[in-house]
Amino acid sequence: MSVASPTRGEAQNRSTRDPVLEALGKHLGAQVMIEQTTLTGMPVVWLPRERLLEALAFLKGLPEGFTMLFDLSAIDERLRSQRVDLPPADFTVFYHLVSLDRNRDLMLKVAIDEGDLSLPSCVSVFRNANWYEREVWDMFGIDFAGHPRLVRILMPPTWTGHPLRKDYPARATEFDPYTLTVAGQDTEQKALQFDPEAWGMQRERAGSEFMFLNLGPNHPSAHGAFRIVLQLDGEEIVDCVPDIGYHHRGAEKMAERQSWHSFIPYTDRVDYTGGVMNNLPYVLAVEKLAGIEVPDRVKVIRVMMAEMFRITSHLLFLGTYLQDLGAMTPVFFTFSDRQRAYKVIEGITGFRMHPAWYRIGGVAQDLPEGWQALVQEFLDWMPKRLREYQRAMMENAIVRERTRDIAAFSTAEALEWGVTGPNLRATGCNFDLRKQRPYSGYDQFDFEVPLGTRGDVFDRGQLRIEEMRQSVRIIQQCVDNMPPGDYKADHPLTTPPPRERMLQHIETLITHFLQVSWGPVLKPNESCQMVEATKGINSYYLTSDGNTTSYRTRIRTPSFPHLQQIPALMRRGFVPDLIAHLGSIDFVMADVDR
């Protein structure tokens, strides 16, 4: 079955009913636009490359415009068979735009030929396109003319090939055995040496040399394998260059060789502090492709466990955030409370940090006997602990002195860099997907969205405490109002047929065998699901080509753009302020590098 895509004329007629597409069509000329029908929940429009920058600038400049470039990536189309009514393309580059004022999204796509893999850079329109374009060059080999410095970002500088191309191997057994000679090691070490001139930096000013200092990739304040090269004039940061990719594992490439079901455990390892929160956008996106509607009980169970992991993640953040400020004691208290939360998580799922417990169409098993008492014990404990954290930590004069007005940014600056989640709400922007775009039944819960006022290091810390209070409030409602019913949908892609039928009908047995061994087959289409994860908005954009595996899995994580913003905030700041800011971002490198 082919993707349900309209013809050019049908797309033009439908676009006139959408005010944004109608305005874009009048500006560009409707004949250049082709609209694609998908399950993404947003308009998807194909444009010629020569009109791309014009379209992006127009959409951004609209009243209540699309001021955030949420994601930018590519698809290798060369092996995709189900492309009926879509423009010819060897590669597709897509631009996912978000308008918070309109509370809606829009995706632009550009088709390019293998013989001319070049697009104009849109860094002049969206500053945060810098890293995304580098990633597309790194993974696909697509050039962006006018990019300020188009070099590898996730792979080592000496890497050969572009891993997300379809002709690039997906398994280590497809490569020659790895060897590293002494000469090869010297080459790799030399490639890691920082060249200031290549990044537009001067080595001296007024006859005085700058110091160039590596913070990381092995430093406690880097929160993982993360390197920032600092250009210092004494303690002042003149400029800095974040260097990522040390934790890259190729999660999106892995998705191409895993079945729809078997990829679920891989999602746990993206934000490894988020647990089942990582499963949620993926299974919701797959359920869109499969047309699965889950029971109310499944929705509430998912919400309850996701909020449990929001608490564990925020507790980890709070302890390490204060540790970065020099307070050694709080981390022991927050970790002891995380242990209480993991007692609940383990009692329900059987695992702690990486339960991989959500399933397509439901959860792995129903809630165990006695789960209410287990959860209620935790809910009775946490409020007084949060009050203690507030009094002993955030009301501490030293903490306030170190964090007030440090690394502050406005809502407009946050949107320009693609900042989402608590870091965006710390600027006073009231945007939480659980409220603005409820999923998994969040519209049935009563909770508030905490907001900051200054957008500084202090507000980003304070906000997480308030969010934990609201998570406790949501979980209490789950305990009090857990619906009856099944823990999985009654759908052939979710529920195996009854054993008696398998023993009587060979066709049923064969179907069940194929579902378990090869995985389900999903009809060709595209879907996207965004969730308010622990560190910001996390999304999965899935492309099915009518197979047992995903043709393309795009994982958009919040931490990636958050780190890109660091130089803009820290120029003319000081090293201790940088350490405080790194602690306030709340990132883990697996969420950045994937």
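Scanning region 200-227 for residues that are assigned to a loop (DSSP other than H, G, I, E, B) and not aromatic (Phe, Trp, Tyr) yields a total of 13. Checking ASP380, ASP337, ASP366 one by one, the residue that is buried (at least 18 other Cβ atoms within 10 Å of the Cβ) and either assigned to a strand (DSSP E or B) or not aromatic (Phe, Trp, Tyr) (or both) is ASP337 and no other. In this structure, does GLY428 turn out to be at positive phi and either surrounded by 19 or more Cβ atoms within 10 Å (Cβ to Cβ) or of a type in the set (S, T, N, Q) (or both)? Answer is no for this residue. Looking across region 547-592 at every residue that is of a type outside the set (S, T, N, Q) and within 30 Å of TRP518 (Cβ to Cβ), the one that is modelled with the lowest pLDDT is identified as ALA590. Do you know which of the residues in region 298-309 that are touching a strand residue (DSSP E or B) at 6+ places or on another chain (Cβ under 9 Å) and closer than 25 Å to ALA590 by Cβ is surrounded by the fewest Cβ atoms within 10 Å (Cβ to Cβ)? Here the answer is ARG302. Summed over region 308-340, the residues that are more than 25 Å from the chain's Cα centre (by Cα) and among the acidic types (Asp, Glu) give a count of 1. Annotation: of all residues in region 456-506 being under 30 Å from LEU289 (Cα atoms) and among the small types (Gly, Ala, Ser), the one that is surrounded by the most Cβ atoms within 10 Å (Cβ to Cβ) is SER471. Any idea which of ASP138, ASP167, ASP101, ASP195 is crowded, with 17+ Cβ neighbours inside 10 Å and charged (D, E, K, R)? Of ASP138, ASP167, ASP101, ASP195, the one residue that is crowded, with 17+ Cβ neighbours inside 10 Å and charged (D, E, K, R) is ASP138. Taking into account only those residues within region 26-47 that are in a loop (DSSP other than H, G, I, E, B) and buried (at least 20 other Cβ atoms within 10 Å of the Cβ), which is nearest to the chain's Cα centre (by Cα)? Only one residue tops the list, namely THR40. Summed over region 157-199, residues that are free of Cβ contacts under 8 Å to residues at least 12 places away in the same chain, farther than 21 Å from MET254 by Cβ and not in a loop (DSSP other than H, G, I, E, B) total 8. Selection of region 273-297 for residues being among the β-branched types (Val, Ile, Thr) and surrounded by fewer than 24 Cβ atoms within 10 Å (Cβ to Cβ) yields THR273, ILE292. Could you please let me know if ALA407 is assigned to a loop (DSSP other than H, G, I, E, B), of a type in the set (Gly, Ala, Ser) and touching a strand residue (DSSP E or B) at 6+ places or on another chain (Cβ under 8 Å)? It is true that ALA407 is assigned to a loop (DSSP other than H, G, I, E, B), of a type in the set (Gly, Ala, Ser) and touching a strand residue (DSSP E or B) at 6+ places or on another chain (Cβ under 8 Å).
Only a single criterion out of (1) modelled with pLDDT under 90; (2) within 26 Å of HIS219 (Cα to Cα); (3) surrounded by fewer than 20 Cβ atoms within 10 Å (Cβ to Cβ) is not satisfied by PRO330, namely (3). For region 501-516, a residue qualifies if it is over 19 Å from ASP545 (Cα atoms) and under 35 Å from the mean Cα position of the chain (by Cα), and the qualifying residues are THR511, HIS512, PHE513, VAL516. Do we find that TYR272 is more than 30 Å from THR329 (Cβ to Cβ) and part of a loop (DSSP other than H, G, I, E, B) in this structure? For TYR272, the condition - more than 30 Å from THR329 (Cβ to Cβ) and part of a loop (DSSP other than H, G, I, E, B) - is not met.
A count restricted to region 216-235 and to residues that are at pLDDT below 85 and of a type in the set (A, V, I, L, M) stands at 1.
Contact map, region 368-391: residues that are more than 21 Å from ASP486 (Cα to Cα) paired with residues that are of a type in the set (Lys, Arg) and assigned to a helix (DSSP H, G or I), Cβ distance under 7 Å, separation 6+ or inter-chain. Pairs shown: PHE378/ARG340; TRP381/ARG340; LEU386/ARG469.
With the structure loaded, tell me whether VAL300 is among the aliphatic types (A, V, I, L, M), in contact (Cβ under 8 Å) with a residue 24 or more places away in the chain and either in a helix (DSSP H, G or I) or outside the structural domain of CYS528 (by TED's automatic domain parsing) (or both) or whether it fails that test. Spelling it out, VAL300 is indeed among the aliphatic types (A, V, I, L, M), in contact (Cβ under 8 Å) with a residue 24 or more places away in the chain and either in a helix (DSSP H, G or I) or outside the structural domain of CYS528 (by TED's automatic domain parsing) (or both).
The values are calculated or read from the model by the stated rules, or taken from the named source; none is laboratory data. Please read these numbers as outputs of a predicted model, since none were measured by experiment. For neighbour counting, all protein chains shown are included, and Cβ atoms are generated from backbone atoms with ideal geometry for every residue, glycine included.
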